[in-house]
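**Q** My questions will all concern the structure given below.
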Amino acid sequence: MQQVFEPFEHLGFESRNKYKIFNSSRKEIYYVAEQQKGILGFLFRQWLGHGRRSFHLHFFNPNREVVYEVKHPFRLFFQELIVSDSKGKVLGGMKQRFNLFRRRFDILDKNGITLIEVRTRMSLIFPVWHFPFVKNNQQVATVDKKFSGLLTEILTDKDSFQLTIHTEKVSETERILILASAIFIDIRYFEHKR
């Protein structure tokens, strides 16, 4: 997963999130772009940053056809995502759970039943860059933020992540839910309002 950097951000403005998703052979399999919501959406992005405001992402296949959509409703606490296919059929989502010292999420099916849990290690000083996804007490995936270089980390919001799925016991729907959650992790924890 690689975030597409917008030069406009050098001027201190937050821009729409865009990502390129590659497979292990470095072939682009999805392009993800945040839907623009006009001038009001632009102002909310500047004021609230990326983490708490509502947003809507489109997943495009290599032919630039929308295949999935992710909606993030406005929440002050306990963030959530709703993931659907291109026809609007809900596939599932993600909900943030309360925890003082760890990052904690549940990946949910379309009926709200927990499929996969995300529980990070406890850290009070250093940022968490490793997010394990656990299903039936077995780690099935991880999301790791990759260091982009000192200047890139300091001056931009451009991030690179590696999503690794460790088992074939994850369905295609669960893979999309994990991918949407990985993008949320970047938006929520690594997009810093300057």
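Throughout, read-outs are computed from the coordinates displayed, never taken from laboratory work. Note that the structure is predicted; figures quoted are calculated from it, not measured. In this analysis, Cβ positions are derived from the backbone assuming ideal geometry, glycine residues included, and neighbour counts consider all displayed protein chains.
**Q** Along the Cα→Cβ direction, 7 angstrom out, place labels at VAL90 and ARG121. What is the inter-label distance in nm?
**A** 3.6
**Q** For ARG75 and SER24, compute 0.36 nm times the residue count separating them, minus their Cα-Cα distance, and round to one decimal in nm.
**A** Additional length available on full extension: 14.9 nm.
**Q** A further question follows. If amide H atoms are built 1.01 Å from N in the plane of the peptide, which residues on other chains or at least 5 residues away come under 5 Å of the amide H of GLN79?
**A** So GLN79 has HN proximity to GLN96.
**Q** Tally Lys and Arg at +1 and Asp and Glu at -1 over the other residues with C-beta under 11 Å from the C-beta of ARG97: what net charge comes out?
**A** My count for the surroundings of ARG97 gives +2.
**Q** Pull out the extension gain between PHE5 and TYR31, defined as 0.36 nm times the separation in residues minus the alpha carbon to alpha carbon distance; nm, one decimal.
**A** Result: 8.0 nm gained on full extension.
**Q** Can you tell me which of 19-29, 93-103 comes out highest on packing, and rank the rest after it, using the mean Cβ neighbours within 10 Å?
**A** 93-103, 19-29
**Q** Once you list every other residue whose beta carbon is under 15 Å from the beta carbon of ILE113, what net charge do they have if Lys and Arg are +1 and Asp and Glu are -1?
**A** -1
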